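The values are calculated or read from the model by the stated rules, or taken from the named source; none is laboratory data. All of these numbers come straight from a predicted model, not from anything done at the bench. For neighbour counting, all protein chains shown are included, and Cβ atoms are generated from backbone atoms with ideal geometry for every residue, glycine included.
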Amino acid sequence: MKTPLLAKVIVYAVIIIGALLFVFPFIYMILTTFFLGTNTLPKPDQVFAVTPNLTNYVTVWNKNNFVNYFMNSVIVTSVAMVGSLFLGALTAYGFARFSFPGKEVIFRLFLLTMFIPGVINIIPTFIIVKDLGLVNTYSGLWLVYIAGGVVGNLFFLRGFFESIPKELEESVLIDGGGNWRIFWNIYLPQSLPAMGTLAIFIFQGTWEEYFLALTLIKSEALRTLPIAILMFNDKYATNYGQVFAASLIALLPVMLIYMTFQKKFVQSGFNEGGVKG
Amino acid sequence: MQKKRKALFGMLALMLVFALAACGGGNNNNGGGTNTANSGTNATNNGETAEPAEKVTLEYWHTYSDAEEKVLVEKVKPAFEAAYPNITLNITRMPYEGLKQQVIAGVAGDAAPDLMRMDIIWVPEFAAQGALADVSKFEGFEELKASVFEGPMATNYYNEGYYGVPVNTNTKVAIYNKDTLAAAGLSEAPKTMDELVKAAEALKGQGKYGIGISGIHGWGMLPWFWSLGGTVTNEDYTKVDGYLNSDASVKALETIVDWNNKGLVLPVMLGGEPSAWDGLMSGDYLMTDDGPWFYSIKMGEKEATGFDPMEKTVRGLMPAGDGGSLSVIGGEDLVVFAGSKHPEEAWTFAKWMLSEEPQLMMAELGLIPTNKQAADKMKEMDIPFIDTYVQQLETALPRTPIPQWGELEGIFNLSLEKAIRGEMAPKDALNEAVQQIEAILNK
């Protein structure tokens with residue numbers, strides 16, 4: 001089928017304008033990082049006249065324990081992401097493939113907890129973590145991050161797991177494999193698109209989370225990156241150049257994760273045709 | 001950005017929740033002294049009972065700036081630990097954003113620090129929730145009280161007790177851009193409101209703004225409202241009727257409304273651009289009022305921005321109106337939490353921190369001491385911008401130091417904004433505010 005040239009031009013124009021519209025604030029943000037000692041967001045005419053420089057990036061990198069907190073965040077987030085994905089997938093597998101008494105009731109109960117915003121629970125959560133002796137440890141933080149994510153991940157993955165043909169399991173059973181092997185060799189590889197998408201969500205959510213981290217972590221040395229960024233908001237004046245430079249550095253891993261996993265979620269439906277008829 | 005905004009809305013909603021939660025939790029804290037929080041360090045120290053002087057670690061939260069924290073860690077802490085070898089200070093810098101919620105969560109979750117340096121306007125509120133220890137019951141309080149300035153000390157008063165001690169004080173003075181001042185035809189800072197208004201009118205033709213009100217909130221508005229003759233409450237902060245809506249207060253607000261209608265006030269008052277500092281630096285604004293941190297921060301950025309605040313600005317007292325030249329007192333108080341396991345040691349630190357030596361260490365950075373002797377000695381120190389601030393402190397007033405100030409300020413801000421935006425007549429706006437505030441005060 002051939003599209004008329006004019007229609008093509010219009011479509012592309014709309015797409016390009018749309019893309020520019022979305023990317024514009026981001027470019028504005030990048031350009032703002034080149035301003036030194038500014039306490040207002042610069043005006044458009046100033047923004048495009050600025051000479052690019054890395055002064056703010058260097059300042060920010062060396063300030064407020066930025067590097068330490070960056071590494072702390074990497075540790076906290078990667079463990080939370082792997083743990084959360086694994087536990088979420090296991091739970092979803094259970095709910096998708098096994099029947100046990102009260103399954104639907106438990107599932108509904110799980111969903112019910114999703115209606116309560118996590119921050120409302122912060123004081124009870126804190127007291128539980130304290131009673132476990134896990135205040136001021138990453139284990140405490142992981143516990144809450146991973147456990148807190150199970151229900152959402154289960155909800156996300158269950159439907160996906162149920163769409164995987166049962167016949168695939170039989171091939172494992174014929175080869176003498178058990179439930180574990182079915183999970184590991186069939187469900188995980190078959191649901192990579194969903195897992196990839198979920199990984200991005202979990203990573204982003206954990207990477208940006210600061211309130212719980214600030215509440216549970218009491219010593220400065222263990223703090224995470226969002227707290228370092230908050231430190232740039234001074235009580236009296238905010239240096240926007242530095243805040244944006246810090247935010248941009250913090251954004252890099254998120255972009256990296258997006259680029260790594262985006263291939264996965266583009267390929268949804270690749271398991272179609274795995275079974276005949 | 002949208003995410004951030006969402007988060008902000010979330011936070012605002014949560015403040016309510018926390019306030020409720022803290023009311024319950026705070027009371028529990030008062031009754032039982034069993035505090036098992038504050039990380040593991042305290043617990044291990046408690047075990048060493050063999051030593052005659054038990055070694056104690058104090059958790060101390062603060063919001064000092066980069067440069068100030070450096071002095072705190074490198075000079076103040078070692079000096080204190082040398083004087084009291086049995087006490088170790090564990091210093092934690094908290095982000096200012098969301099700090100109040102962190103403190104509320106800490107108190108409710110039984111994990112508040114032993115000590116904290118907090119904004120003076122928070123103290124009565126936290127005291128009312130039972131989060132803080134009444135330090136006037138500690139030994140040596142009367143001597144300490146006699147050694148510090150009365151105004152800052154008063155910010156700790158609640159219900160016949162004192163719930164903290166003032167660790168440093170500050171105020172705002174008028175800061176003028178030198179070139180813009182010359183463009184207005186003046187060679188020195190205006191002494192009166194009339195002179196300032198004339199200068200602002202002269203600048204209006206040049207597209208510049210002259211009257212430096214930085215925002216509609218207590219901190220931004222009160223120096224102007226007071227200097228123009230307005231008042232908020234009676235002297236013991238129990239009554240607003242007949243004060244906030246007195247003829248003089250109405251006149252003060254009318255004057256500000258009139259200035260704004262004529263286009264003499266900085267756009268930033270109503271949330272416009274540029275910010276007060278940027279406008280002042282670029283010369284689009286003749287002046288603004290701000291604290292000593294304007295100088296310490298801008299001197300630190302001198303190399304990067306090419307703007308030398310000492311060269312390019314002139315300082316003056318707040319221009320005098322019918323009420324005189326009045327400014328607002330800011331600063332921080334050092335409080336001991338009610339749940340502290342080591343109240344004696346915490347008090348020892350508070351007492352020591354208010355003595356001359358540590359006060360002078362922090363004074364080097366422009367933090368104005370509350371200790372009278374230290375403040376006297378500060379005048380001899382070579383801090384170029386501080387003289388005007390110390391002078392202005394003599395005629396600076398505290399914001400109403402009552403637990404309801406947070407609520408009260410919200411009403412105050414809203415009524416002023418309504419009048420300034422022309423939605424209500426100044427008199428009606430203030431009368432409405434008085435009604436609402438009286439209802440809160442009489443609760």
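Things to note:
- Which numbered condition residue B:125 fails, given (1) outside any loop (DSSP other than H, G, I, E, B); (2) at the interface with chain A (Cβ under 9 Å from one of its Cβ atoms); (3) of a type in the set (Asp, Glu): (2)
- Every residue from the range B:181-196 that is buried (at least 20 other Cβ atoms within 10 Å of the Cβ) and under 29 Å from the mean Cα position of the chain (by Cα): B:181, B:189, B:190, B:193, B:196
- Taking helices (runs of 4 or more DSSP H) as the structural unit, those lying wholly within the range B:301-370 and holding at least 3 residues that are at pLDDT below 90 correspond to B:302-305.
- The range B:314-341: number of residues that are under 22 Å from residue B:63 (Cα atoms) and not aromatic (Phe, Trp, Tyr): 12
- Condition met for residue B:290 (of a type outside the set (A, V, I, L, M, F, W, C) and within 16 Å of the chain's Cα centre (by Cα)): yes
- Those helices (runs of 4 or more DSSP H) lying entirely in the range B:178-296 with at least 1 residues more than 14 Å from every other protein chain (Cβ to nearest Cβ): B:178-183, B:193-204, B:218-227, B:247-261
- Residues located in the range B:377-388, provided they are crowded, with 17+ Cβ neighbours inside 10 Å and part of a helix (DSSP H, G or I): B:378, B:386, B:388
- Residue count for the range B:289-330 under the criterion of being touching a strand residue (DSSP E or B) at 6+ places or on another chain (Cβ under 6 Å) and of a type in the set (S, T, N, Q): the result is 2.
- The residue list B:374, B:439, B:419 contains one member that is surrounded by fewer than 16 Cβ atoms within 10 Å (Cβ to Cβ), of a type in the set (Gly, Ala, Ser) and assigned to a helix (DSSP H, G or I), which is B:439.
- Filter result (away from every other protein chain (no Cβ under 14 Å) and not in a helix (DSSP H, G or I)) within the range A:172-211: A:175, A:176, A:177, A:178, A:191
- Any hit, the range B:105-113, residues being more than 14 Å from chain A (Cβ to nearest Cβ) and either assigned to a helix (DSSP H, G or I) or of a type in the set (D, E, K, R) (or both): no
- Verdict on residue A:156 being under 23 Å from residue A:209 (Cα atoms), among the aromatic types (Phe, Trp, Tyr), in a helix (DSSP H, G or I) and touching a residue at least 24 places away in the same chain (Cβ under 8 Å): yes
- Any hit, the range A:153-174, residues being closer than 17 Å to residue A:74 by Cα and in contact with a Phe, Trp or Tyr (Cβ under 7 Å, 6 or more places away or on another chain): no
- Count of residues meeting criterion [surrounded by fewer than 21 Cβ atoms within 10 Å (Cβ to Cβ), under 19 Å from residue B:306 (Cα atoms) and away from every other protein chain (no Cβ under 12 Å)] in the range A:29-48: 1
- So residue B:123, is it free of Cβ contacts under 8 Å to residues at least 60 places away in the same chain and buried (at least 19 other Cβ atoms within 10 Å of the Cβ): no
- The condition of being among the aromatic types (Phe, Trp, Tyr), assigned to a helix (DSSP H, G or I) and under 23 Å from residue A:206 (Cα atoms) holds for only one of A:95, A:107, A:126, that being A:126.
- Filter result for residue A:242 (within 11 Å of chain B (Cβ to nearest Cβ), modelled with pLDDT of 85 or more, farther than 22 Å from residue B:103 by Cα and more than 21 Å from the chain's Cα centre (by Cα)): yes
- Some residue of the range B:157-171 being of a type in the set (A, V, I, L, M, F, W, C) and buried (at least 23 other Cβ atoms within 10 Å of the Cβ): yes
- Residue within the range A:68-84 that is closer than 17 Å to residue A:218 by Cα, surrounded by fewer than 17 Cβ atoms within 10 Å (Cβ to Cβ) and within 14 Å of another protein chain (Cβ to nearest Cβ) present: yes
- Residue check for residue B:304: buried (at least 21 other Cβ atoms within 10 Å of the Cβ), touching a Leu at 6+ places or on another chain (Cβ under 6 Å) and over 30 Å from residue B:225 (Cβ atoms): no
- In the range B:55-85, residue nearest to the other protein chains (Cβ to nearest Cβ) [restricted to those that are exposed (fewer than 15 other Cβ atoms within 10 Å of the Cβ) and touching a helix residue (DSSP H, G or I) at 6+ places or on another chain (Cβ under 8 Å)]: B:67
- Here residue A:143 passes the criteria (1) among the hydrophobic types (A, V, I, L, M, F, W, C); (2) part of a helix (DSSP H, G or I); (3) more than 14 Å from every other protein chain (Cβ to nearest Cβ); (4) more than 25 Å from residue B:101 (Cβ to Cβ) except the one numbered (4).
- Residues (within 24 Å of residue B:126 (Cβ to Cβ), of a type in the set (S, T, N, Q) and surrounded by fewer than 19 Cβ atoms within 10 Å (Cβ to Cβ)) located in the range B:389-416: B:404, B:413
- Which numbered condition residue A:100 misses (of (1) surrounded by 10 or more Cβ atoms within 10 Å (Cβ to Cβ); (2) more than 14 Å from every other protein chain (Cβ to nearest Cβ)): (1)
- Picking from residues in the range B:58-70 that are closer than 26 Å to residue B:343 by Cβ and hydrophobic (A, V, I, L, M, F, W, C), the one that is nearest to the chain's Cα centre (by Cα) is B:61.
- Conditions (1) in a helix (DSSP H, G or I); (2) facing chain B (nearest Cβ under 9 Å); (3) aromatic (Phe, Trp, Tyr); number of the one not met by residue A:236: (1)
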